[in-house]
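Asks: Below is one structure. I have some questions about it.
The values are calculated or read from the model by the stated rules, or taken from the named source; none is laboratory data. No experiment lies behind these values; they were computed from the predicted model shown. Cβ placement follows ideal geometry from the backbone for every residue including glycine, while neighbour counts extend to all protein chains displayed. When the accessible area is computed, the model is the full protein with side chains, heavy atoms only, and any ligands, DNA or RNA have been set aside. Shrake-Rupley method; radii C 1.70, N 1.55, O 1.52, S 1.80 Å.
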Amino acid sequence: MSGITDGALEVHDEVQESTAFEHLLDDAIGTTSGRTSKFDLDDVRRAATMIDGSKMLEQLATWRQEARQGRHPGGRPPKIDDRVILIVLLLLAREHTPLWATEMGAVLHRRLTKEARVFLGLPANLSGTARGRTEARRWYNTAWNAFHRMKALMDPYPDTPLYRLTNRSQRDRIVELRDPEVVAQGRERLNWFSDSLLEMTFRLLPRDVRRLINQHTTVGIDQTPMVAASPRGRSPVDKETGLELRVNPKTGKNYSDKLVLEQDSGWYPINAERREESGPASKPDKDFVWGRAASIAVLVPNRPVNQAEFPNIALGFSMSLPGTQHVASETVRVLQSIADRGHTPGTVVADRLYFATLSPESLHIPVKEMGWSVITDYKKTGLGVKGGKAGAKQVEGRHYCAGTPEDLLNASVDAEAHTIDDDTYRKRLDERTAFELRPKEKPDARGHTPMMCPAVGPNATLECPLRELHRNATDKIRIAVLKGNVPEAPDLICTQTSVDFGPEDGIRDAQLFRYQSKEWSDAYRIGRNTDESYHAYVKDVGHEAVDTPARRRIRGFAAHQIMATMLLVSANIRKIVTFLTDRETRTSKSNTTGQNLGPLRKTRRRDREGISNYKAKWPLKVLPGAPAGEELDPPLRT
């Protein structure tokens, strides 16, 4: 009997357990998101304070009023407003959840505590019950409509169909009928959106840190590809007309008429050597991705330090179509925005794509007029003598005496060709400084500076047959200009006391520090490493994954920039939290004795010891005549 009774009890228990187990997913009926954790009142209030502090809501209200042109909105009031959808986006971005409309709807449906719902003014349900497919779908539609209402105020391409494929003739027709003013207004508003939210993250920093940054704002700027939500790409376009090419200019073959969803994208060259091309030559060509170009300005240290003085966060951001024709305008816009927001223009660090490639009229002059100094690298073709004025020779951003020896003028050229070793190269650079022109006085209000021959004045660094040594000159040993290097027909720099140099003279190659000096190497290496590090940081698939299109499936240029901005905001906040945590730990350790607080974050070894691909040991890793099998390691040419 006892055995039969025990068996019956076991069967009864299994039935009860099975019944309970079968109902575990009842609350998830009708939903598509597997995330069930809830955002509490503190989470929502913190996100709301950030959104309110960005001043974005007031601007959206102004744009909406302008769009209505005095007319009443009409219809039923929306269930949620811009504030709620932006808070939801920020919550999802900080949680590293994909920014999908389904996830937005899931947050509104069942991922907020009762207190958080009351704070946001949300009803308990929309269909009379908090469960079921109907309720989930209504919250999804509510989130979708709210996001697209906000997006429509900033969309530069409202005429682009995003839910049907278009052929070449349809796309050409759309481009031809576009209103340039609508495009310009939408781009301006999107950039305002990005700038306001990134500036909000800057204001999260303590006041002493913000003041330190604003003493001399140093940023590194670079472009990175943002792959479009739809990978369907068209044939390359003509850079002048913007219309698609019918024939491959290299092979002479006709391009096929491809069907595309997101036409307001372009082919971004992953291979730097193909930047001048407008797209892949064939389908198997993997050197291009279909998407947009993101220009990001990142705060970088302006001097070598053992511990971070501020977090390296994004301070400026804009998106454009890929192509070198857009690089200058986007760079100027981002730097102008940073200056307009009250940051003191300091130094901008950029690779060869920028100041070594683009025209002075489009980039160098506007950047200098804003007050920014430049630190950059040169292409091989930019080394050595490149122009000059009044007899002075310009070499790598500086002007030198007309009698400078050729081996000094071509020091970088010889180093790049590996015909001299590193010690010889450094020695020639040091000797060349004595031949550099000196300013007679500070620049005037127009930016003009009188420059002197280095053999003139009491502080002369040279002795020249064409110049008498100043009577107050010291008795120090000076380098003498050889008679064979003296020009046969001396120009103004050799005959006048000084020559006027305007703000645009030599601006193409001008930069803050002498090329390849220790100051230049430190600034360029730190700036470029920090910039590249931030790009890798926001692309981390475990966090923001900003370049992963599957994490942001809503199509369109405007939606892409809005969601990318929220991801950069999330990355900035992560950076700031880490910085504040490290600072508090250091403070606690300095005020505490005998307590083990654990290891502190250390500066990376490659930064402490100068181990870097960015010319830490340039120009030569292996000297001429090295044993067979040794490979040269030239600097990166990014």
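Condition check ((1) among the hydrophobic types (A, V, I, L, M, F, W, C); (2) out of contact with any strand residue (DSSP E or B) (no Cβ under 7 Å at 6 or more places or on another chain); (3) within 24 Å of Val367 (Cβ to Cβ); (4) in contact (Cβ under 8 Å) with a residue 24 or more places away in the chain) across all residues:
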site: Arg471; (1), (2), (3), (4): no, yes, no, no
site: Lys476; (1), (2), (3), (4): no, yes, no, no
site: Pro490; (1), (2), (3), (4): no, yes, no, yes
site: Arg514; (1), (2), (3), (4): no, no, yes, yes
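Asks: While we're on this one: Taking the stretch 562-593, which residues are more than 21 Å from Glu309 (Cα to Cα) and of a type outside the set (Gly, Ala, Ser)?
Replies: Answer for the stretch 562-593, where residues must be more than 21 Å from Glu309 (Cα to Cα) and of a type outside the set (Gly, Ala, Ser): Ile562, Met563, Thr565, Met566, Leu567, Thr592, Thr593.
Asks: Given the structure, is Ala47 among the small types (Gly, Ala, Ser), modelled with pLDDT of 95 or more and either in a helix (DSSP H, G or I) or buried (at least 18 other Cβ atoms within 10 Å of the Cβ) (or both)?
Replies: yes
Asks: If Thr217 satisfies every condition in (1) open to solvent by less than 10 Å² (accessible area, probe 1.4 Å); (2) more than 28 Å from Ile576 (Cα to Cα); (3) in contact with a Gly (Cβ under 8 Å, 6 or more places away or on another chain) but one, which is the exception?
Replies: Condition (2) is where Thr217 drops out.
Asks: Follow-up. Of all residues being part of a loop (DSSP other than H, G, I, E, B) and among the charged types (D, E, K, R) in the stretch 541-561, which is farthest from His96 (Cα to Cα)? Just the residue, please. Steps first, please.
Replies: Taking the stretch 541-561 first, the residues part of a loop (DSSP other than H, G, I, E, B) are 541-548, 552-556.
Among the residues that remain, those that are also among the charged types (D, E, K, R) are: 544, 547, 552-553, 555.
Values: Glu544: 6, Asp547: 13, Arg552: 11, Arg553: 15, Arg555: 19 Å.
Per the stated criteria, the residue is Arg555.
Asks: Which residues, counting only those in the stretch 122-161, are surrounded by fewer than 17 Cβ atoms within 10 Å (Cβ to Cβ), hydrophobic (A, V, I, L, M, F, W, C), within 29 Å of the chain's Cα centre (by Cα) and in a loop (DSSP other than H, G, I, E, B)?
Replies: Once the filter is applied, which keeps residues that are surrounded by fewer than 17 Cβ atoms within 10 Å (Cβ to Cβ), hydrophobic (A, V, I, L, M, F, W, C), within 29 Å of the chain's Cα centre (by Cα) and in a loop (DSSP other than H, G, I, E, B), the stretch 122-161 yields nothing.
Asks: Can you tell me which residue is least open to solvent (accessible area, probe 1.4 Å) among those in the stretch 229-255 that are at pLDDT below 85 and among the hydroxyl-bearing types (Ser, Thr, Tyr)?
Replies: Ser235
Asks: Still on this model: So, Val374, is that one touching a Phe, Trp or Tyr at 6+ places or on another chain (Cβ under 8 Å) and under 24 Å from Met566 (Cβ atoms) or not? Even if it seems obvious, please write down each step before you answer.
Replies: On the way: touching a Phe, Trp or Tyr at 6+ places or on another chain (Cβ under 8 Å): yes; under 24 Å from Met566 (Cβ atoms): no.
Criteria not met by Val374.
Asks: Can you find a residue that is buried (at least 21 other Cβ atoms within 10 Å of the Cβ), touching a Ser or Thr at 6+ places or on another chain (Cβ under 8 Å) and part of a loop (DSSP other than H, G, I, E, B) anywhere in the stretch 256-263? Walk me through how you get there before you give the answer.
Replies: Step one: filter the stretch 256-263 for residues buried (at least 21 other Cβ atoms within 10 Å of the Cβ), giving 260, 262-263.
If we keep only those that are touching a Ser or Thr at 6+ places or on another chain (Cβ under 8 Å) as well, we get 260, 262-263.
Next cut, part of a loop (DSSP other than H, G, I, E, B) only: 262-263.
Within the stretch 256-263 (the criterion being buried (at least 21 other Cβ atoms within 10 Å of the Cβ), touching a Ser or Thr at 6+ places or on another chain (Cβ under 8 Å) and part of a loop (DSSP other than H, G, I, E, B)), the answer is yes, since at least one residue qualifies.
Asks: Does any residue of the stretch 591-606 turn out to be modelled with pLDDT of 95 or more, closer than 21 Å to Ile213 by Cβ and open to solvent by 10 Å² or more (accessible area, probe 1.4 Å)? Quick ask: steps written out before the conclusion?
Replies: To start, the set of residues in the stretch 591-606 that are modelled with pLDDT of 95 or more comprises none.
No, that holds for no residue.
Asks: Give the stretch 71-103 a look and list any residue that's open to solvent by 40 Å² or more (accessible area, probe 1.4 Å) and part of a helix (DSSP H, G or I), or say none.
Replies: Scanning the stretch 71-103 gives Arg83, Arg94, Glu95, Thr102.
Asks: Now a separate question. Restricting attention to the stretch 522-544, report how many residues are in contact (Cβ under 8 Å) with a residue 12 or more places away in the chain and among the aliphatic types (A, V, I, L, M).
Replies: Qualifying residue count for the region: 3.
Asks: Take Phe310 and decide whether it is in contact with a strand residue (DSSP E or B) (Cβ under 9 Å, 6 or more places away or on another chain), of a type in the set (Phe, Trp, Tyr) and in a loop (DSSP other than H, G, I, E, B).
Replies: Yes, satisfied.
Asks: Now a separate question. What single numbered condition from (1) touching a strand residue (DSSP E or B) at 6+ places or on another chain (Cβ under 7 Å); (2) over 19 Å from Ser265 (Cβ atoms) fails to hold for Arg234?
Replies: Against the list (1) touching a strand residue (DSSP E or B) at 6+ places or on another chain (Cβ under 7 Å); (2) over 19 Å from Ser265 (Cβ atoms), Arg234 comes up short only on (2).
Asks: Restricting to the stretch 357-383, count the residues that are among the hydroxyl-bearing types (Ser, Thr, Tyr) and part of a loop (DSSP other than H, G, I, E, B).
Replies: The total comes to 4.
Asks: Among Pro123, Pro77, which is touching a residue at least 24 places away in the same chain (Cβ under 8 Å), farther than 23 Å from Ser196 by Cα and not basic (Lys, Arg)?
Replies: On inspection, the qualifying residue turns out to be Pro123.
Asks: Moving on. Spot the failing condition for Glu361; the list is (1) without any contact (Cβ under 8 Å) to a residue 12 or more places away in the chain; (2) under 17 Å from Ser295 (Cα atoms), and only one is missed.
Replies: If we test Glu361 against (1) without any contact (Cβ under 8 Å) to a residue 12 or more places away in the chain; (2) under 17 Å from Ser295 (Cα atoms), just (2) comes out false.
Asks: For the stretch 468-489, what are the residues that are open to solvent by less than 80 Å² (accessible area, probe 1.4 Å) and farther than 21 Å from Glu406 by Cα?
Replies: His470, Ala473, Thr474
Asks: Got a number for residues in the stretch 324-364 being surrounded by fewer than 20 Cβ atoms within 10 Å (Cβ to Cβ) and touching an Asp or Glu at 6+ places or on another chain (Cβ under 6 Å)?
Replies: Number of matching residues: 2.
Asks: Of the conditions (1) more than 14 Å from Ala402 (Cα to Cα); (2) open to solvent by 80 Å² or more (accessible area, probe 1.4 Å), Gly457 satisfies every one except a single condition; which number is it?
Replies: The one condition Gly457 does not meet is (2).
Asks: Take the stretch 104-121 and flag every residue that is buried (at least 20 other Cβ atoms within 10 Å of the Cβ), out of contact with any strand residue (DSSP E or B) (no Cβ under 9 Å at 6 or more places or on another chain) and of a type outside the set (D, E, K, R).
Replies: The answer is Met104, Gly105, Ala106, Leu108, His109.
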